Amino acid sequence: MAIRKLRYEGDEILSKKSREVEKIDERLLDLIDDMIETMHKYNGVGLAAVQVGILKRVIVIDIDDGNGPIVLINPVILETKGSREVEEGCLSFPNKFAKVVRPEEVVAEYTNREGKRVKVKAKELLAQAICHEVDHLEGEVFVDKMIPGTLEIFEQEQ
Ligand code: CO
């Protein structure tokens, strides 16, 4: 396991679309382990492979609910319900926060790390995280969809 280098705002890879994963091999499992370690190191709720420079449809999420990290390969959002305004940030934009509109609930389908296609019904923070990370796979970032006037920029510690 290793910490991967994060890609930050201004890096053009963040606007690229990621490709479907075709097989779950050792290399992909290493990437997943590294993504989880990297997400935890930087205290993120989620991380998409593109944020460590890999254009594959893989995301990891840990909402710190005691269930541990979840790994979503080739995720698809099937249904959304409701909408709410939420505060959001992103490991690729470490000093920016803004409000965005996200669904209250989503139903998503994905392949887990054992290669099984599974469905999850997610609410609140988990639903928000899935939407945020799936956007990354399409080359979209949260500041593209923020509610105007809600951007907050913090000075970075040197
Ligand atoms: Co992000």
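The values are calculated or read from the model by the stated rules, or taken from the named source; none is laboratory data. These numbers come from a predicted model, not from an experiment. Here the Cβ positions follow ideal geometry from the backbone for every residue, glycine too, while neighbour counts run over all protein chains shown. Only protein heavy atoms, including side chains, enter the accessible area calculation; ligands, DNA and RNA are left aside. Shrake-Rupley method; radii C 1.70, N 1.55, O 1.52, S 1.80 Å.
Some notes on this structure:
- For beta carbons closer than 6 Å, sequence separation of 6+ or different chains, a first residue in region 135-151 that is among the hydroxyl-bearing types (Ser, Thr, Tyr) and a second that is open to solvent by 30 Å² or more (accessible area, probe 1.4 Å) and within 11 Å of the ligand (Cβ to nearest atom), there are no qualifying pairs.
- The single condition among (1) assigned to a loop (DSSP other than H, G, I, E, B); (2) away from the ligand (no atom under 15 Å from the Cβ) that residue 139 does not meet is (2).
- Of the listed requirements (1) within 16 Å of the ligand (Cβ to nearest atom); (2) touching a strand residue (DSSP E or B) at 6+ places or on another chain (Cβ under 9 Å), residue 93 misses just one: (2).
- Boolean, residue 102 is open to solvent by 30 Å² or more (accessible area, probe 1.4 Å), closer than 24 Å to residue 40 by Cα and touching a helix residue (DSSP H, G or I) at 6+ places or on another chain (Cβ under 7 Å): no
- Yes/no for residue 76 being within 15 Å of the ligand (Cβ to nearest atom) and among the β-branched types (Val, Ile, Thr): no
- Conditions (1) over 18 Å from residue 3 (Cα atoms); (2) in contact with a Ser or Thr (Cβ under 8 Å, 6 or more places away or on another chain); (3) open to solvent by 20 Å² or more (accessible area, probe 1.4 Å); (4) not basic (Lys, Arg); number of the one not met by residue 55: (1)
- Unique match (being surrounded by 14 or more Cβ atoms within 10 Å (Cβ to Cβ) and more than 13 Å from residue 71 (Cα to Cα)) among 19, 4: 4
- Of the residues 45, 52, 60, the single one that is within 14 Å of the chain's Cα centre (by Cα), β-branched (Val, Ile, Thr) and more than 21 Å from residue 108 (Cβ to Cβ) is 52.
- Residue within region 72-83 that is assigned to a loop (DSSP other than H, G, I, E, B), in contact with a helix residue (DSSP H, G or I) (Cβ under 9 Å, 6 or more places away or on another chain), touching a residue at least 12 places away in the same chain (Cβ under 8 Å) and open to solvent by 80 Å² or more (accessible area, probe 1.4 Å) present: no
- A Cβ distance below 6 Å, combined with a sequence gap of six or more or placement on separate chains, defines the contacts here; from region 99-128, residues that are over 21 Å from residue 88 (Cβ atoms) and touching a residue at least 60 places away in the same chain (Cβ under 8 Å) reach residues that are open to solvent by 50 Å² or more (accessible area, probe 1.4 Å) and assigned to a loop (DSSP other than H, G, I, E, B) in the pairs 115/24.
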